[in-house]
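The structure under discussion appears below in the form of structure tokens.
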Amino acid sequence: QVTLKEYGGGLVQAGGSHRLSCVVSGSIFSVSAVNWYRQGPGNQREFVAGITSGGSRSYADSVKGRFTISRDSVQNTAWLQMAGLNAEDTAVYYCNVRGQNYYTYEEEQYWGQGTQVTVSS
């Protein structure tokens, strides 16, 4: 069974920096991408940042230049480094992993339960 657990949520001052972690437990045959999504109050879940198995990174326009995604496949951990935080960044942040099921080789995606980041002004 694959589980994802996010760490690092909390209250952050506007303009400050913060880092989230995502730890993956269980076996995934082949990870194709690790992503971060977020869902703010009254909003739909939206893509924030992603990194492929080849190391290519992509970001939502709203966080480009402020957030950095990284991963360590050996530690089965991904991070989202956030800087220049503002009130619009307040949301529940979710880790998402896409890859092949270890047993069926079917492409699946896995989600963490999310961690709340609140930016105070």
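The values are calculated or read from the model by the stated rules, or taken from the named source; none is laboratory data. Computed from a predicted structure; not experimentally measured. Neighbour counts run over all protein chains shown; Cβ positions are idealised from the backbone, glycine included. Just so you know, the surface numbers come from the protein's heavy atoms only, side chains and all, with ligands and any DNA or RNA stripped out. Shrake-Rupley method; radii C 1.70, N 1.55, O 1.52, S 1.80 Å.
Loop-only trypsin sites (Lys or Arg not before Pro) in segment 1-88, please: DSSP not H, G, I, E or B, and at most 14 other Cβ atoms within 10 Å.
Here the trypsin sites (Lys or Arg not before Pro) that fit, given the DSSP loop and packing criteria, are Lys64.
Compute the orientation-averaged projected area for the chain from the convex hull of its Cα atoms and round it to one decimal in nm².
7.1 nm²
Using heavy-atom solvent-accessible surface (probe 1.4 Å) with all chains present, what is the largest-first order of Tyr59, Tyr103, Tyr93, Tyr7?
From most accessible down to least: Tyr103, Tyr7, Tyr59, Tyr93.
What number, in percent, do you get for the relative contact order of segment 38-90 if the mean sequence gap of Cα pairs under 8 Å and at least 6 apart is divided by its residue count?
Worked out over segment 38-90, it gives 27 percent.
Would you kindly find the accessible area of Trp36, with a 1.4 Å probe and non-protein molecules such as ligands, DNA and RNA excluded, rounding to the nearest 10 Å²?
For Trp36, solvent-accessible area is about 0 Å².
Please report the spacing between the Cα centers of segment 33-53 and segment 92-121 in Å, no decimals.
When both Cα centres are located, 9 Å separates them.
Once neighbouring chains are kept in place and the probe is 1.4 Å, which whole percent of the accessible area of segment 60-111 is contributed by carbon and sulfur?
After summing per-atom areas, the C and S share lands at 47 percent.
Return one whole number: the accessible area per residue of the chain in Å², for a 1.4 Å probe.
Solvent-accessible surface per residue comes out at 54 Å².
Using the basic label-point model (7 angstrom from Cα toward the beta carbon), what is the Asn101 to Asp72 distance in nanometres?
Here the answer is 3.1 nm between the modelled labels.
Within segment 35-51, whose backbone N sits under 19 Å from a point 7 Å along Cα→Cβ of Ser121?
40-43
Using just the Cα positions, wrap segment 1-71 in a convex hull and report its mean projected area in square nanometres, one decimal place.
Average of the hull's projected areas for segment 1-71 equals 5.9 nm².
Using DSSP to call loops (not H, G, I, E or B), can you name the GluC sites (Glu not before Pro) in segment 22-118 whose Cβ has at most 16 other Cβ atoms within 10 angstrom?
Answer in residue order: Glu106.
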